[in-house]
Amino acid sequence: MAHQIPTDGTLLPLMEEFYTIQGEGYNTGKAAYFIRLGGCDVGCHWCDVKESWDAESHPLTHADEIVAKADTYPGRAVVITGGEPLIYNMDYLTAKLQEKKILTFIETSGAYPLSGSWDWICLSPKKFKAPRPDITPLANELKVIVFNKSDFMWAEKYAESVSPTCKLYLQPEWSKRNEVTPLIIDYVMANPKWEISLQTHKFLNIP
């Protein structure tokens with residue numbers, strides 16, 4: 001039977017949740033509780049969690065239950081990711097987390113309207129489904145995955161639409177890292193407004 005997901009965000013298709021060290025972007029190296037929601041129609045062919053795409057595969061879980069578990073860990077930051085979490089209403093979940101004095105971080109493609117109250121918004125735009133123009137100015141961090149040379153020009157396009165205080169990151173796509181990392185190094189040295197993000201959790205062999 002198909003999920004009947006309420007629009008108030010009280011029930012969410014939870015793929016997995018785990019406590020770890022954040023591996024990439026601005027908050028690299030910090031302890032965080034990850035909440036991965038199922039459901040995504042952006043369809044990146046290099047996605048490393050394709051099993052998250054089908055929301056029906058993941059149990060509907062009450063947001064209160066998710067918050068209660070996050071609250072048991074000493075790290076007071078939660079990263080909500082997917083899939084694409086903004087398919088769902090994030091208002092209830094983020095309000096309950098912030099009531100517990102837990103920081104709320106999101107990783108999103110920006111393809112859906114923004115909901116929720118966020119301490120940090122990581123926008124990772126995808127060519128397959130462009131981000132909404134009303135989300136890009138709100139990003140604290142722009143993280144562009146570099147798969148081939150054309151991605152640099154595409155990254156610059158979005159760098160123009162974020163706020164002046166937004167942190168800019170280029171991250172090698174994992175399967176192409178040997179090929180594209182030297183290109184990223186050269187690009188950042190020539191364009192120092194950008195920084196390099198690496199998937200350090202994969203080097204550390206942690207979730």
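The values are calculated or read from the model by the stated rules, or taken from the named source; none is laboratory data. Note that this is a predicted model, so its numbers are computed, not measured. Using ideal geometry, Cβ is built from the backbone for each residue, glycine included, and neighbour counts are taken over all protein chains shown.
Are any residues in segment 126-156 within 22 Å of Ile106 (Cα to Cα) and basic (Lys, Arg), and if so, which ones?
Matches in segment 126-156: Lys126, Lys127, Lys129, Arg132, Lys143.
Determine the pairs where a residue that is within 10 Å of Glu84 (Cβ to Cβ), located within segment 36-47, has a partner that is assigned to a loop (DSSP other than H, G, I, E, B) and of a type in the set (A, V, I, L, M) with Cβ atoms under 8 Å apart, the partner being 6 or more residues away or on another chain.
From residues that are within 10 Å of Glu84 (Cβ to Cβ), the pairs are Val42/Ala111.
Looking only at segment 140-157, how many residues end up being touching a Phe, Trp or Tyr at 6+ places or on another chain (Cβ under 9 Å) and either assigned to a loop (DSSP other than H, G, I, E, B) or over 16 Å from Glu195 (Cα atoms) (or both)?
Of the residues in segment 140-157, 2 are touching a Phe, Trp or Tyr at 6+ places or on another chain (Cβ under 9 Å) and either assigned to a loop (DSSP other than H, G, I, E, B) or over 16 Å from Glu195 (Cα atoms) (or both).
From the list Leu97, Leu103, Leu60, Leu93, which one is within 18 Å of the chain's Cα centre (by Cα) and either surrounded by fewer than 23 Cβ atoms within 10 Å (Cβ to Cβ) or more than 16 Å from Leu14 (Cβ to Cβ) (or both)?
On the way: Leu97 fails: either surrounded by fewer than 23 Cβ atoms within 10 Å (Cβ to Cβ) or more than 16 Å from Leu14 (Cβ to Cβ) (or both); Leu60 fails: within 18 Å of the chain's Cα centre (by Cα); Leu93 fails: either surrounded by fewer than 23 Cβ atoms within 10 Å (Cβ to Cβ) or more than 16 Å from Leu14 (Cβ to Cβ) (or both).
Leu103 is the lone residue from the list that is within 18 Å of the chain's Cα centre (by Cα) and either surrounded by fewer than 23 Cβ atoms within 10 Å (Cβ to Cβ) or more than 16 Å from Leu14 (Cβ to Cβ) (or both).
Of the residues Leu170, Leu183, which single one is at pLDDT 95 or above, touching a Phe, Trp or Tyr at 6+ places or on another chain (Cβ under 6 Å) and farther than 30 Å from Thr10 by Cβ? It would help to see each step written out before you state the result.
On the way: Leu183 fails: touching a Phe, Trp or Tyr at 6+ places or on another chain (Cβ under 6 Å).
After applying the criteria, what remains is Leu170.
State whether the residues of segment 77-93 include one that is touching a residue at least 60 places away in the same chain (Cβ under 8 Å), among the hydroxyl-bearing types (Ser, Thr, Tyr) and touching a helix residue (DSSP H, G or I) at 6+ places or on another chain (Cβ under 6 Å).
Yes, segment 77-93 has at least one match.
What strands (runs of 3 or more DSSP E) lie completely within segment 1-108 and have 2 or more residues being not hydrophobic (A, V, I, L, M, F, W, C)?
Values: elements: 11-21, 31-37, 60-62, 77-81, 103-108.
Of the strands (runs of 3 or more DSSP E) lying wholly inside segment 1-108, those with at least 2 residues that are not hydrophobic (A, V, I, L, M, F, W, C) span 11-21, 31-37, 60-62, 103-108.
Among Val146, Val67, Val79, which is within 30 Å of Pro182 (Cα to Cα), more than 15 Å from the chain's Cα centre (by Cα), of a type in the set (Val, Ile, Thr) and at pLDDT 95 or above?
Working: Val67 fails: within 30 Å of Pro182 (Cα to Cα); Val79 fails: more than 15 Å from the chain's Cα centre (by Cα).
Going through Val146, Val67, Val79 in turn, just one is within 30 Å of Pro182 (Cα to Cα), more than 15 Å from the chain's Cα centre (by Cα), of a type in the set (Val, Ile, Thr) and at pLDDT 95 or above: Val146.
Out of (1) part of a strand (DSSP E or B); (2) out of contact with any Lys or Arg (no Cβ under 6 Å at 6 or more places or on another chain); (3) under 30 Å from Ala68 (Cβ atoms); (4) touching a residue at least 60 places away in the same chain (Cβ under 8 Å), the odd one out for Ser115 is which?
Of the numbered conditions (1) part of a strand (DSSP E or B); (2) out of contact with any Lys or Arg (no Cβ under 6 Å at 6 or more places or on another chain); (3) under 30 Å from Ala68 (Cβ atoms); (4) touching a residue at least 60 places away in the same chain (Cβ under 8 Å), the odd one out for Ser115 is (1).
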